[in-house]
Every structure is written in C-alpha cells, then in structure tokens.
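A quick write-up on the structure given underneath.
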Amino acid sequence: MTATEIRPTTAAALETKAPPKPRNMGQIIRWLLLFLGGIAMVMPIAYMISTSLKWPHEVYNVNLIPDEPTLENYLYVLEDGRFYKWFINSIIIATLTTISNLLFDSLVGYTLCKFKFPGRQIVFIAILSTLMIPTEMLVIPWYLMSQSFGWLDSYWGIMFPGLMTAFGTFLMKQFFESVPDDFIEAARIDGLNELQIWWTVAMPLVKPALAALAIFVFLGNWTAFLWPLIVTNSVEMYTIPVGLSGFGDEADVAWELIMTGAAISTIPTLVVFLIFQRFIIRGVVMAGLKG
Amino acid sequence: MANLTLRNLTKSYGSTQVLHGINLEVGDGEFVVFVGPSGCGKSTTLRMIAGLEEVTSGEVLIGDRVVNNLEPKERDIAMVFQNYAIYPHMSVKKNIAFGLRSSSLSKPDKEKRIQEVAEILSMVPLLDRKPNALSGGQRQRVAIGRAMVRDPAVFLFDEPLSNLDAQLRTQMRLEIKKLHQRVGNTIVFVTHDQVEAMTMADRIVIMKDGHIQQVGTPAEVYHMPENAFVAQFIGAPSMNMLSGTLTVDGVALDAGTRFQTSQTSGTPQDVMVGVRPDDLTLEAGNPVVSGIVTVREPLGHETLIYVDTPSGEIIAKASGKTPPEVGAHVTLSADLENLHVFDAETGLALR
Ligand SMILES: Nc1ncnc2c1ncn2[C@@H]1O[C@H](COP(=O)(O)OP(=O)(O)OP(=O)(O)O)[C@@H](O)[C@H]1O
Ligand SMILES: [Mg+2]
C-alpha cells in the first residue's frame, strides 16, 4: 500500500479499479474451502428440488437438470388429502411445542439464574445431565409411559417429551445471566411481583435468545422422526417426516414424492427462520449499543 | 415524606459480618450522604433500607413503621441505581410511567404527573425516545424521573453519578441538589466520592468496615473529624499525619518541633498530628516541619508541593504564581488551631 502513494495518481486509480487479487495461497485455500462448504450445503437442497421435478423413471439418474421437468409430483402430493393432514399435524405440534419451550424453559432458566435457593446448583446439574441421555434410550420409557396414560396416537403423546428441554433451559439461564440484577431490583421497587418481573422486564431483554430457541425447537420438532413414528399408529396422526417416509410401497420407495413433500415442508421452516432471525440480528445490535 | 431511623442494624453473609450495628436518625426532608471506601457496606445499608437485602438484626423504620418485613413496594421508597437500570425496551415515557404502576391515581392524573416530572427534569422532548438513543446524563435523568414520579417518602441513590464523566457529574450533582430543594423528600445518597458528599449533603455519614465513623454536617466532619480515618478521608489532598508525643507541655513532633496545644497528657502519649495541606503555609508563623521540595503539581490558582521531611512526605499548598523551586528548602507553618491531634493507637481525636 505504501507503494501506491508514490506512484502517479493515474496508476493508483487504475490499480484500485482492477478486480481484487487474492493476496496469497492462504486466501485462495480459504475461498476454496468456503466454496466446497457452500456446495456441500446447497447440493442436497438442489437434488431435493431436482428430484421433485422428475418423473419416477428418471429418479435414479444423477443429473441435476431433469430431462423432462414436471410439476406432476406437486399436483399429486397436494391433491393427496393425507399430506394436508400431516402438514397441519406438524404445524400444530411444532408450534405448540415451541410456545411451551419458550415459556417453560425461560421460566425455569430465569428461576435458576436469578433466585438463590438451597439446592439450586443440584437442580441445574440434574437438568443438564439429562442432555447426556440420547433420545434412543428414552424412547422405550416414553412409550411405556404413553401407553399407561393412554397417550398413544395423540398430539399430546407426540409432544410431551419435548415440551420442555434441558438445552433450552440451559440456554435461557445463560442469557438471563446477562440481564443485570439492577433491572430486576428496580422492578421490585416499582411494585411488580416476581411473575410480572419475569414477563415484563426479563423476557423482553432476552428476545434474541428466545428467537434462537424458537428456531431450534421449531426445526427440531418439524423434522423429528423417531418418536413420532413410534408413538403414532393411524395415518391421520402422522407428522410430515413420518408420513413422507411411507410414500410408495414396500418394493419401491417413491423418492420423487418424498422429495416433493420435503420441498413443500421446508417452506414453514423458512418462514419461521425469516421471522425470528430479525430478532436475533436486532438483538445483537441492541446489545452492542448498550455497552 | 418521612424520617428514617436505623437501629442497631447488622448484616452478615454466612459467618462474615459486614455491618456492625448501624444507628442513624435521618430527619424528614434531610439529604444524607453515605460515604466511605469501597466495600465498607454503603450499598448493603442502602439495600436493606430499600428491602432488597434481608436485615440480619436491628430495625429499619420509615416514618413510624418498622419496615423490616415489608416488601420494597410497600415501603414507600424509590431507588436510583448506579447503572441507571432503565428498561431498554421501553420508551422514556413508559419507563417513567413504570414507577406509577402500583399507584391508585387515575389515568389522566398519571399522565399529568408524568408530564410534570418530565418538565422538572427538562425531558419533555425526549419522552418518546428509547434509552439507547439517550446520553448517559439523560439516562440517569430518566432513572431519577422514574423514582420521582411516585413522590416516595425516601429517595435512595446508589452511586448514581459514578458512570458519568467529570463535567456531567458536577452538573448532575447540582441538579440533584436543586431537585431536593424543590421537592423536599428525604434522600439517602451513597457515594465513594468525598467531594460529592461534601457538596450535596446536609449531613454526611462516613463509614468504614461496616462501622459508622462519624455523622455530621460537611463543616463538622471537615473541621472537627472524630478520628484519623475521617480526617484523612475527607478533604483532598488528604490530611498530612505527623507522629509525635503528647506531654504536659504539649506536642513534641518526632521531627523535632515542639508546640503548645490545648491538649496535654500527664504521662507521655504517642499521638498523630494532622494538618491539612490547605493549612500549611510557607509564610512565617508557627513552624511545624521543614524539608526539601521534591515535586510540584501546578493546579492553576495554586500549586501543590510535595516536601520531603523527617516526618515523611508532606503535601502543602503554595502560591500558583510563585511556587518554591524543586530542591528548595522550605519551612511549613500552621496556625495551632488548625492542628488536629489523634491518639496514635486508637486514632480517636484528642480534644
Ligand atoms: N452477597 C454477598 N455475599 C458475601 N459478601 C457480600 C455480598 N454482598 C456484599 N458483600 C460484602 O459486603 C461488604 C460490603 O459491600 P457493599 O456492596 O455494601 O460495599 P460498598 O460500600 O457499597 O462498596 P462500593 O463502594 O464498592 O460499592 C463487602 O465487603 C462485600 O464483599
Ligand atoms: Mg456499592
């Protein structure tokens, strides 16, 4: 850069107009890795869309552009009444579970963070330790529980294991740590009760965390497969992933229909993401200004 | 409005006691400032008055009520915090209105009250702003507004100015004092800045290690400190301390000087003689100590000189225009009435 200063202005101007040249090997490698990463992310989505536009006989061709693109699969899936039902099921389940997580995870996280009571640390560790137990291990106890309570094949049965999560509680507790105690004490002096303080003072201050949690929980439940598959029996209770996996018959999986259903079912996740992402970005900006 | 009484107030966290029997009477409408070094228990005392911290033993009375077991909201107090604690997701107006949530005023009356407070604090044009669009001073004004709006019996301030820059601090200091003269509520104000304490207080409470050292008007604590700690804490630069012995004839400094004092002691007693830099002059008078000037700090209208003496480093004030040169040998004198004699062991003033 120092060199540019002594050159005639024209040369300097010329140089700035030239496309930016990669400085060194390191930068080239970085770009290459990012590019490969990008491809790895985009390819499955591209194939999903491509497959959803293919006729059944072309499904096993690896070409990305279908020879004879068709919307037939979309018409089929959308005309198939079952898909609507599954879609509604998934929406209801993912939405209710998300709301429940936002409320209860933050309530517990807030309590663990802002109230000093004996045994607090033990409760927190107990909650955290459940993170170490994989879903696969829990499925059988959940099933037995659902069976004895008569929750099999119901919304409640599908939702109950996820209504509160250890991860969400942990996340919210950590975020409430960043809310200064002064806010809470000021509210106490202003005459709010503890529940009002949580709702009107603490919750608005952790909106970015709530948005992130909402995205996590919604996506997690939208794509959940194992437990919904086990707990549901009737086709009307299926969620999208469970329903889609059953497209086709035993001999022949109808990939083009599955991919079509999958493509349609990404739309709500995009909507959720677009809605809540705004809060996350705004949250970051707000936090920056406060400092 | 009400008076505030603390009776034998103590506070312990587990086995560590941080407050040791605080006794204080604050009159109705009085402006009392708690001052002391970091960790001496000022905030803890304030928070116990507010009801944010449990009282270990003793009593807090607001008006004639013992409020030990009342919730903060039932105590008729308002508090302003060091980092403002105004809610960032609410407009200025909402923040101020928040203080009125539990009040029984009608809606139009509340509006009127908010407007009134905004006018007193000259914040009317800012009412619709969010806190992050305000300067530090403006934020603190919002916090004061939220406290004022309820017209509480007692205002509590915990170092409300320490996040502001020096100039703004001076300005807000004046504003709070004017505000007090105007609204007349009882105020308890915590600071660790002795200048703030001196300039604002009707009475100053000086604390150290959970004990009250002295309670008095700014003039009393400045001119008649009850012990060496208070003497050195109040006033900047700090009071100089010279060790010596008190006998029937008066004081003999270790440095050699002798002078007659009103205090005497039959048996020789180790003492500390305190003298403020302001009271030490280069003019002839009662010589106290002499030495070599090592450093000069010009402050404009005067110059601080650091003098290396047999009694250690002594700070004195000299003229701003013609201070002695570094290296000069000077003799510092003081009026006898400006010398404070303290017991070397207990630190208590001998009068
Ligand atoms: N929750 C607590 N547990 C244990 N000790 C505490 C707790 N809170 C405060 N203390 C101790 O109590 C003492 C008084 O603290 P306090 O906050 O009242 O000091 P302060 O005078 O306000 O100091 P500063 O000027 O730094 O604000 C300190 O020694 C502090 O370490
Ligand atoms: Mg403090």
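The values are calculated or read from the model by the stated rules, or taken from the named source; none is laboratory data. These figures come from a predicted structure and were not determined experimentally. Reconstructed Cβ throughout: ideal geometry from the backbone, glycine too, with neighbour counts over all protein chains shown.
Please note which helices (runs of 4 or more DSSP H) are completely contained in segment B:52-159 and include at least 2 residues that are facing chain A (nearest Cβ under 9 Å) and at pLDDT 90 or above. So that I can check it myself, show each step before the final result.
Working: elements: B:92-98, B:107-120, B:136-148.
Helices (runs of 4 or more DSSP H) meeting the threshold: B:136-148.
Can you name every one of the helices (runs of 4 or more DSSP H) wholly within segment A:147-203 that holds 2 or more residues which are without any contact (Cβ under 8 Å) to a residue 12 or more places away in the chain and within 14 Å of chain B (Cβ to nearest Cβ)? Walk me through it before giving the result.
Numbers: elements: A:155-159, A:166-177, A:181-189.
By residue number, A:181-189.
Residue by residue, here is whether (1) crowded, with 16+ Cβ neighbours inside 10 Å; (2) of a type in the set (S, T, N, Q) holds:
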position	(1), (2)
B:ASP279	yes, no
B:LEU282	yes, no
B:GLY285	no, no
B:THR294	no, yes
B:PRO298	no, no
B:LEU304	yes, no
B:SER311	yes, yes
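Contact map, segment B:192-215: residues that are within 14 Å of chain A (Cβ to nearest Cβ) paired with residues that are more than 16 Å from ligand 2 (Cβ to nearest atom) and part of a loop (DSSP other than H, G, I, E, B), Cβ distance under 9 Å, separation 6+ or inter-chain. No pairs are found.
Could you tell me whether segment B:180-189 includes any residue that is outside any helix (DSSP H, G or I), of a type outside the set (A, V, I, L, M) and within 16 Å of ligand 2 (Cβ to nearest atom)? Before the answer, list the steps.
The initial filter retains those residues of segment B:180-189 that are outside any helix (DSSP H, G or I), namely B:184-189.
Checking the rest, the ones that are also of a type outside the set (A, V, I, L, M) come to B:184-186, B:189.
Subset that is within 16 Å of ligand 2 (Cβ to nearest atom): B:189.
For segment B:180-189, residues outside any helix (DSSP H, G or I), of a type outside the set (A, V, I, L, M) and within 16 Å of ligand 2 (Cβ to nearest atom): present.
Selection of segment B:1-16 for residues being more than 9 Å from ligand 1 (Cβ to nearest atom) and buried (at least 16 other Cβ atoms within 10 Å of the Cβ) yields B:ALA2, B:ASN3, B:LEU4, B:THR5, B:LEU6, B:LEU9, B:THR10.
Answer with yes or no whether B:LEU174 is over 24 Å from B:ILE77 (Cα atoms) and away from ligand 1 (no atom under 16 Å from the Cβ). The answer is no for B:LEU174.
At least 3 residues being at pLDDT 90 or above is the threshold, and among the helices (runs of 4 or more DSSP H) wholly inside segment A:1-67 those reaching it are A:25-52. Filtered by the rule that a residue be surrounded by fewer than 19 Cβ atoms within 10 Å (Cβ to Cβ), over 19 Å from B:VAL205 (Cα atoms) and within 16 Å of ligand 2 (Cβ to nearest atom), segment B:31-81 gives a lone residue, B:GLU53.
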